[in-house]
Amino acid sequence: MAQERRFVALSDPHLILHLSLSMLGAAYTESDDDDATKEDDDFVFEIDPTVLVDTRKLIIDEPIAEGLNSIVYKGWYEFNPVSIKVVLPMQTSNASSACKAKFQREVNLISRIKHQNIVKFIGASVEPRMMIITELLEGCSLPKYLESIYPNTLSLEQSISFALDISQAMEYLHANGIIHRDLKPGNLLLRNDKMQILLTNFETAREEISGEMTSEAGTYRYMAPELFSKDPLSKGEKKCYDHRVDIHSFAMAMWAIIKNQTPFKGRCDLLAAYATAKNMRPSLEGFPEVLLPLMQSCWEEDPNLRPEFSEITQILEKLLHHSTSISPEIEECPITSVEEPIPNYVEDKSEHVDEAQSLNTSVCIEGQSEIITVEAQTKPKKTPKKCKGLLFFSKCFHIC
């Protein structure tokens, strides 16, 4: 059969290992995990048996995405199309205790999440390899869709609708005590009709606890400033922050979606982090005025000034409802910016590179060995006040 499709049953470890490694290339050699595999083998998974799948009913096809710690395949479970995330290393017996614990935490979190804007969890497997099975979306990733329409941008109505989908998903997570910690366009998927956003990838998600938490999570361009430190921190050292780091990431993701651009484009990851640490934000030139107060309040440097997702959802619902007649509404509603406007980030200006290289005080980027420098500039501090722009905006749309 000329069009015969190649299937591999996951119950055959030798076949799947051969297939996967042949596709990965040198980037995922066993040497990458040599140190990890030498750790103790006493880890015992504590995962509800009801969420574990029968791997004999699981079929894998071609890979559809690859990451540093996993490969995602298209596949079938009980003859239904699914997405199969295979955690590296390919064999559970070769994984470190830390890797197993991280996988266990992800499974235990995502297995209790059920929301229309979050990818549906189907099941997991711990042997012979660690896998997470979720629904397969026939659409595409949000970045891929935005790339397909570039240099055009989404309509304002569509942008607000997507932002609302994300906000509702995040509101649900926060209400259940879960922080995502890596909210960005790359972790957003579209259904086939390109009309609905679904949140995915809970690899770095965790339950929120009071006190200090590890801060080795997130993506530089979307991370909140409180995840950075002016003093070097050793890997794994604890840091104080809470669920409001997701609100900053939401603002950065919303900017990227509406502008159809990458935040701090043209800058390496470290300089993107440097910009955030210096209280810079992407330029708001040409940004829809109706969303300015919300945007500026969400990426406030002070987490206490950021709105909760329950408030954000209300605002976006009102905006979407009024989107057909949004201009007349806004003309009657004065819009003010935040109390102390955050300086716009100017792209492709070499002075930021020179400045980053010449300043003296260290800034440590969590989870990385590289250190960039930032000069501690003393400025008179003002008493924090709630964002006026967001309050005026809420009153204009009668949001309580």
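For this structure, a couple of remarks:
- Cα centroid separation, region 90-156 to region 172-208 (Å): 9
- For residue 70, distant residues with modelled amide H under 5 Å away: 88
- Highest to lowest packing among 65-71, 266-272, scored as the average C-beta count within 10 Å: 266-272, 65-71
- Close amide H contacts of residue 124 (hydrogens built in the peptide plane, cut-off under 5 Å, sequence separation of 5 or more or a different chain): 52, 53, 133.
- From phi via Karplus (6.51, -1.76, 1.60), per-residue ³J(HN,Hα) for region 122-133 in Hz, x at Gly/Pro: 10, x, 9, 9, 10, 9, x, 9, 7, 9, 10, 10
- At full extension, residue 61 and residue 112 could sit 15.7 nm farther apart than now, given 0.36 nm per residue minus the alpha carbon distance.
- Highest mean packing comes first when the peptides 252-259, 172-179, 145-152 are listed by Cβ atoms within 10 Å, giving 252-259, 172-179, 145-152.
- Using a Förster distance of 30 Å, the FRET efficiency for residue 74-residue 149 (Cβ separation, nearest 0.05): 0.80
- Cut-off under 5 Å, modelled amide H: who pairs with residue 178 long-range: 208
- Low-density loop positions, GluC sites (Glu not before Pro), region 246-326 - DSSP coil, at most 13 other Cβ in 10 Å: 285
- Filter on 278/318; 194/259; 102/144 - keep pairs with C-alpha separation over 22 Å: 278/318; 102/144
Just so you know, all these numbers are worked out from the coordinates, no wet-lab data involved. On a predicted model such as this, the values are computed, not experimentally measured, just so you know. With ideal geometry, Cβ positions are generated from the backbone for all residues, glycine too; neighbour counts draw on all protein chains shown.
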